[in-house]
Amino acid sequence: MTIGVVGAGQLGRMLALAGYPLGLEFLFLDPARDAPASQVAPALHGSFTDPKLLRRLARECEVLTFDWENISVEALRAHAAAAHGARICPPIAALTAAQDRVAEKRLFEQLGIPTTRWRAVGSRPQLERALREVGTPGVLKTRRLGYDGKGQVRVKAAEDANRGWEELGRVPLIYEEWVPFDCEVSIIGARSRSGATAIYPLNGNVHSHGILRLTRAPYGPPRWQRTAARHLQRCLTHFRYVGVLTIEFFVLHGRLIANEMAPRVHNSGHWTIEGCATSQFENHLRAILGLPLGSTRPLGFSAMLNLIGDIPPREGLLALEGLHLHDYGKPPRPGRKVGHCTVVEPTAARRDRRARGLLAKLAPGLRIP
Ligand code: AMP
């Protein structure tokens with residue numbers, strides 16, 4: 001059984017590593033020859049829109065999935081489907097909604113999921129109206145192709161908005177209110193072809209410069225978990241979703257406000273590899289293959305820290321008791337996610353102590369409550 005994956009980044013690499021024990025095989029498609037997943041599995045090298053490669057992927061695989069959402073929906077639909085080969089999971093409709101921040105906001109509103117106040121901005125007059133109606137502070141974001149804080153400009157006053165309009169290249173934007181959140185959380189769940197679902201414990205996330213630095217899970221009171229799971233279930237049902245889906249929220253005065261969704265396995269779920277009965281990667285594979293979903297029971301209290309820029313000396317890291325290191329095999333570059341490490345502890349207090357210790361060592365200056 002071969003799974004075709006469009007994109008061969010670290011998420012794809014961890015999918016393959018989760019699939020091998022189940023006897024699965026993988027074929028990736030990525031323009032980069034040294035992409036993280038192509039170091040552990042066969043890959044086709046070329047553009048995500050190359051008709052020949054997409055058709056080959058669809059012909060040679062039972063199921064097609066993706067580890068990166070900024071891929072061409074049109075190319076995927078036209079060429080992969082034309083090959084009468086693999087099914088595409090998660091559904092293209094979910095990918096389409098997640099690729100456009102405006103479509104995503106409309107979806108949240110349609111499903112009764114609270115989200116930030118926002119306006120679509122396609123011209124300077126629309127920008128001025130958005131500023132008047134939503135107010136400041138806020139943030140301008142490109143509707144498409146933004147990730148890890150890229151394609152965003154914070155707006156403290158109207159002048160910042162004009163600068164942002166120029167800086168972001170006068171492309172279609174969304175303007176949204178700035179939420180002075182108390183914390184950020186995300187929820188991850190899988191829905192299988194049979195309609196069965198499995199939802200993970202809530203993740204508490206700390207970002208720095210728009211990039212995820214730390215996730216702690218399980219996190220927050222049961223009420224947050226219930227609310228987030230209800231919102232996630234609505235999205236899963238709406239799309240008759242198959243695979244893993246993630247929603248990120250701001251928490252303000254105990255209220256969950258949806259920020260965005262990702263139709264894929266997610267960075268805030270990496271802790272599930274060691275910290276849960278079944279990892280998000282394995283459950284994504286189980287879901288898209290129509291296999292029974294695995295338990296999402298946590299095995300303790302986990303902290304996952306992203307390694308950004310370069311991997312610190314391994315000797316120092318691996319000397320830390322119970323630390324699990326994941327090196328994605330990427331060349332170092334400032335601001336790039338090159339690996340992560342996870343610890344699992346028996347209590348939340350011990351987990352938080354370890355998270356603080358790791359932050360002091362690896363991300364000095366970042367404080368957590
Ligand atoms: P995003 O790409 O939308 O996930 O944004 C990356 C990070 O920037 C978020 O996780 C937040 O930490 C911050 N951020 C984005 N939008 C807002 C907002 N409207 N209010 C407050 N913080 C935000």
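The values are calculated or read from the model by the stated rules, or taken from the named source; none is laboratory data. For clarity, every value in this text was computed on a predicted model and none was experimentally measured. Reconstructed Cβ throughout: ideal geometry from the backbone, glycine too, with neighbour counts over all protein chains shown. Quick note on the areas: whole protein, heavy atoms, side chains included, nothing else; ligands and nucleic acids left out. Shrake-Rupley method; radii C 1.70, N 1.55, O 1.52, S 1.80 Å.
Of the residues A16, A103, A43, the single one that is open to solvent by less than 50 Å² (accessible area, probe 1.4 Å) and in contact with a Ser or Thr (Cβ under 8 Å, 6 or more places away or on another chain) is A103.
For region 46-67, filtering for residues that are buried (at least 19 other Cβ atoms within 10 Å of the Cβ), of a type outside the set (D, E) and part of a loop (DSSP other than H, G, I, E, B) leaves 1.
Would you point out which residue out of R154, R77 is out of contact with any Cys (no Cβ under 7 Å at 6 or more places or on another chain) and either of a type in the set (D, E) or within 15 Å of the ligand (Cβ to nearest atom) (or both)? Only one candidate passes the filter, namely R154. Against the test of being small (G, A, S) and touching a Cys at 6+ places or on another chain (Cβ under 7 Å), the options G4, G19, G12, G23 yield a single qualifying residue, G4.
With the structure loaded, tell me whether T197 is β-branched (V, I, T) and farther than 20 Å from A229 by Cβ or whether it fails that test. The answer is no for T197.
If you go through region 116-146 and pick out every residue that is more than 19 Å from R255 (Cβ to Cβ), more than 27 Å from the chain's Cα centre (by Cα) and open to solvent by less than 50 Å² (accessible area, probe 1.4 Å), you end up with 4.
Against the list (1) surrounded by 16 or more Cβ atoms within 10 Å (Cβ to Cβ); (2) without any contact (Cβ under 8 Å) to a residue 12 or more places away in the chain, the condition V153 fails is (2).
Please enumerate the residues belonging to region 256-312 that are farther than 13 Å from G243 by Cβ and among the basic types (K, R).
So the first thing to find is which residues in region 256-312 are farther than 13 Å from G243 by Cβ, and the list is 256-260, 267-268, 270-279, 292, 294-312.
Residue satisfying the conditions is R297 alone.
No other residue among I92, I88, I113, I71 is open to solvent by less than 60 Å² (accessible area, probe 1.4 Å), touching a His at 6+ places or on another chain (Cβ under 7 Å) and hydrophobic (A, V, I, L, M, F, W, C) apart from I113. Would you confirm, using the coordinates I've provided, whether G275 is open to solvent by less than 10 Å² (accessible area, probe 1.4 Å) and within 19 Å of D352 (Cα to Cα)? Judged against the criteria, G275 is a match.
Residues in region 113-151 that are touching a Lys or Arg at 6+ places or on another chain (Cβ under 7 Å), within 11 Å of the ligand (Cβ to nearest atom) and closer than 14 Å to V171 by Cα: K141, G151. The residues in region 161-210 that are open to solvent by less than 20 Å² (accessible area, probe 1.4 Å) and under 16 Å from the mean Cα position of the chain (by Cα) can be counted, and the count is 12. When R351, R336, R367 are checked against the criterion of being under 16 Å from R213 (Cβ atoms), charged (D, E, K, R) and without any contact (Cβ under 8 Å) to a residue 12 or more places away in the chain, R367 stands alone in meeting it. Scanning region 327-369 for residues that are outside any helix (DSSP H, G or I) and loosely packed, with under 12 Cβ neighbours inside 10 Å yields a count of 10.
If you check G316, G322 for being assigned to a helix (DSSP H, G or I) and more than 28 Å from L95 (Cβ to Cβ), only one passes: G316.
Within the span defined as region 245-254, one or more residues are more than 16 Å from the ligand (Cβ to nearest atom), in contact with a helix residue (DSSP H, G or I) (Cβ under 9 Å, 6 or more places away or on another chain) and open to solvent by 10 Å² or more (accessible area, probe 1.4 Å). All conditions but one from (1) modelled with pLDDT of 90 or more; (2) under 30 Å from G243 (Cα atoms) apply to G146; the one that does not is (1).
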